[in-house]
Amino acid sequence: MLERALRKNSAKVTFVLPADTPPAEVSVVGDFNDWRPGVHALTPRKDGNRAVSVELPKGSTHSFRYLAADDHWFNDDTADDQDGPNSLIHT
């Protein structure tokens, strides 16, 4: 699930997953972090989900995917669009 908060020149995008789906550590990787795992690892929230927030330029489009243990890549069903194997978010 994606949550957004628009600011004057940027958008704060929060990537949210259930605590146990998948049960291992998960990172969001994309063109905004040079596809580097671990840079934006999802961490537990009080509501039982895991999340990480990323500040992105307003009015832009970014490719991303989730990466879990054992090289398990997966997409976000709530993304704005798909581009080949990647999810897309429009800010």
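The values are calculated or read from the model by the stated rules, or taken from the named source; none is laboratory data. Keep in mind it's a predicted model, so treat the numbers as computed, not measured. We place every Cβ from the backbone using ideal geometry, glycine too, and count neighbours over all the protein chains shown. The area values use the complete protein model at the heavy-atom level, side chains included, leaving out ligands, DNA and RNA. Shrake-Rupley method; radii C 1.70, N 1.55, O 1.52, S 1.80 Å.
One table, with the values for the structure above:
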read-out	value
Residues within region 62-89 that are open to solvent by less than 70 Å² (accessible area, probe 1.4 Å) and in a strand (DSSP E or B), tallied	12
Cβ pairs under 6 Å, 6+ apart, first in region 48-59 and at pLDDT 95 or above, second open to solvent by 70 Å² or more (accessible area, probe 1.4 Å) and not in a strand (DSSP E or B)	Ala51/Arg45
Test set (1) β-branched (Val, Ile, Thr); (2) surrounded by fewer than 12 Cβ atoms within 10 Å (Cβ to Cβ); (3) modelled with pLDDT of 95 or more - Val26 fails condition number	(2)
Strands (runs of 3 or more DSSP E) contained entirely in region 1-46, each with at least 3 residues that are of a type outside the set (Val, Ile, Thr) and farther than 14 Å from Leu67 by Cα	2-6, 10-18
All positions within region 33-48 that are farther than 20 Å from Asp77 by Cβ and either surrounded by 12 or more Cβ atoms within 10 Å (Cβ to Cβ) or in contact with a strand residue (DSSP E or B) (Cβ under 9 Å, 6 or more places away or on another chain) (or both)	Asn33, Trp35, Arg36, Pro37, Gly38, Val39, Ala41, Thr43, Pro44
Count of region 1-19 residues which are free of Cβ contacts under 8 Å to residues at least 60 places away in the same chain, closer than 14 Å to Ala51 by Cβ and exposed (fewer than 14 other Cβ atoms within 10 Å of the Cβ)	4
